[in-house]
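Read the structure below first, then the notes.
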Amino acid sequence: MINGYTFSKLSTYSKTWLCSNRFSYKCEAKIKMDGLERVTESHLNHNHSPPQYYVSPDGKYVKIRCEFKIIDSPKGGRLIMINGYTFSKLSTNSKTWLCSNRFSYKCEAKIKMDGLERVTESHLNHNHSPPQYYVSPDGKYVKIR
């Protein structure tokens, strides 16, 4: 971990380590290490925020998963809300949820969930402000235009 960012080794015998979020964010950050595990070269310009971790009682780093709410959409479907942004399911059987504003703003933010409704992968860099919602007295979310 360097400056809060994590890297994974390109291959078993490689000296190159790539940003752990290279697929989610198309991040090109990387480092090269010598045989003594010293950084010999680095390109540390990430295009995303560092992941957040906590240290477990046994000393292991555990990635913090994001908090979310499941809300009903005005059209009768379900949306997931994270940090005020909403995501809609790609298709009925899909595990991928895409930013609800993907068409309006060409936003590429998305999340993946497992069958137990846990976020397993997230790309939360939006290119727009979150939509505004009003929460009615009965707890329903109504989007404000």
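Every number here is computed from the coordinates shown, using simple stated rules; none is lab data. This one's a predicted model, so the numbers in the text were calculated from it and none came from an experiment. Cβ coordinates were reconstructed from backbone atoms using ideal geometry, including for glycine residues, and neighbour counts include every protein chain displayed.
Some observations on this one:
- Two-site FRET efficiency, K30 against N125, from Cβ-Cβ distance with R₀ of 25 Å, rounded to 0.05: 0.80
- The stretch 7-63: C-alpha gyration tensor shape, a/c 1.5 cut-off, then a/b vs b/c: oblate
- For the stretch 16-25, 3J(HN,Hα) per residue [Karplus equation, 6.51 cos²θ - 1.76 cosθ + 1.60, θ = phi - 60°, Hz, x = Gly/Pro]: 9, 10, 9, 3, 5, 9, 5, 7, 5, 10
- Each Lys and Arg Cβ is given +1 and each Asp and Glu Cβ -1; about its Cα centre, the stretch 12-145 then shows a dipole of about 440 debye.
- Take the Kirkwood radius over Cα pairs of the stretch 10-145, plug it into Stokes-Einstein at 25 °C and 0.890 mPa s, and you get 140 µm²/s for translational diffusion.
- Dipole axis of the chain (+1 Lys, Arg; -1 Asp, Glu on Cβ), positive-most option in P131, F23, S11: P131
- Computed from backbone phi, the HN-Hα couplings of the stretch 27-40 come to 6, 9, 5, 7, 9, 10, 10, 8, x, 9, 6, 9, 6, 10 Hz, rounded to whole numbers (Karplus: 6.51 cos²θ - 1.76 cosθ + 1.60, θ = phi - 60°; Gly and Pro given as x).
- The stretch 69-143 shape via C-alpha gyration tensor axes, a/c threshold 1.5: oblate
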